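Shown next, in structure tokens, is the structure this report addresses.
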Amino acid sequence: DDCNANGLSDACEVSMGLVQDCNANGVPDSCELATPYAASRNGTLATNGGTVYTTFAATPQATTDVTMRFEVNADINGGADGIEFVLFTAGGQSQISLQITGAQCGTEVRTITVPKAAYNSARSSNGDLVFAIKTGPNTDSFCANTWKIDIGYNRGEPDCNGNGILDSCELRDGTAVDQNGNGVPDS
């Protein structure tokens, strides 16, 4: 394990005192700092009530709320019967769900913010996030019938003041104050 790719094992760096490991978990703190995560998936819809699935494999745990952008080009104008739509769902007990209707064969874009706790609980035990993408029973096949999902958030431990020391360590050793008890240094 060499999380910082410098040719030395993490355990050696920590044991020799070459890197900080303020939470004593054997991983250099610099490797645990919050870093951006983004991923996209796209594909073709199944029509007339069909479902396709897409997996964001082994996603890291989110440390901030998650922004999701959904894009669809399909016959989703509701129709006279109101059953032309695309429904995106993910997760088990804590569902992430968005239904999109709009123009006939136009591109519709929706952006939502998912709380980090809801996102993290929607992931499987190995970090996979699986979306089911279902069309309404009358969403037929004469449009492009494409979909796209973009996900973005921060992973790792926060360092809100940017000093290279994990916030949790600063709170634990008393170098940072958290008077309201929300786990974030007041500064």
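The values are calculated or read from the model by the stated rules, or taken from the named source; none is laboratory data. As the structure is a prediction and not an experimental result, all values here were calculated from the model. Because the Cβ atoms are built from the backbone with ideal geometry, glycine has one as well, and the counts that use them run over all protein chains shown. To get the accessible areas, we keep the full protein, side chains included, count just its heavy atoms, and leave off ligands, DNA and RNA. Shrake-Rupley method; radii C 1.70, N 1.55, O 1.52, S 1.80 Å.
Would you check which residues across the stretch 48-71 are part of a strand (DSSP E or B), open to solvent by less than 30 Å² (accessible area, probe 1.4 Å), under 30 Å from ASP140 (Cα atoms) and touching a Lys or Arg at 6+ places or on another chain (Cβ under 8 Å) and list them? Matches in the stretch 48-71: THR54, PHE56, PHE70.
Would the stretch 109-126 turn up any residue that is under 24 Å from the mean Cα position of the chain (by Cα), under 15 Å from ASN48 (Cβ atoms) and buried (at least 17 other Cβ atoms within 10 Å of the Cβ)? Checked the stretch 109-126: no residue is under 24 Å from the mean Cα position of the chain (by Cα), under 15 Å from ASN48 (Cβ atoms) and buried (at least 17 other Cβ atoms within 10 Å of the Cβ). When the residues of the stretch 15-47 are filtered to those that are modelled with pLDDT of 90 or more, open to solvent by less than 40 Å² (accessible area, probe 1.4 Å) and among the hydrophobic types (A, V, I, L, M, F, W, C), the one that is farthest from GLU157 (Cα to Cα) is ALA46. Checking each residue of the stretch 85-100 against the condition of being over 26 Å from ALA38 (Cα atoms) and either open to solvent by 20 Å² or more (accessible area, probe 1.4 Å) or at pLDDT below 90 (or both) gives at least one match. All of ILE149, ILE165 fail the test of being in contact (Cβ under 8 Å) with a residue 24 or more places away in the chain, open to solvent by less than 30 Å² (accessible area, probe 1.4 Å) and among the hydrophobic types (A, V, I, L, M, F, W, C), apart from ILE149. Candidates ASP159, ASP173: the one that is buried (at least 20 other Cβ atoms within 10 Å of the Cβ), farther than 19 Å from ALA38 by Cβ and touching a residue at least 24 places away in the same chain (Cβ under 8 Å) is ASP159.
Residue count for the stretch 7-48, restricted to those that are of a type in the set (Gly, Ala, Ser) and over 29 Å from ASP173 (Cα atoms): 6.
Only a single item in (1) without any contact (Cβ under 8 Å) to a residue 60 or more places away in the chain; (2) more than 27 Å from GLY127 (Cα to Cα) is not met by PRO28, and it is number (2).
Of the residues screened, GLN99 is one that is over 17 Å from the mean Cα position of the chain (by Cα), free of Cβ contacts under 8 Å to residues at least 24 places away in the same chain and under 22 Å from GLY50 (Cα atoms).
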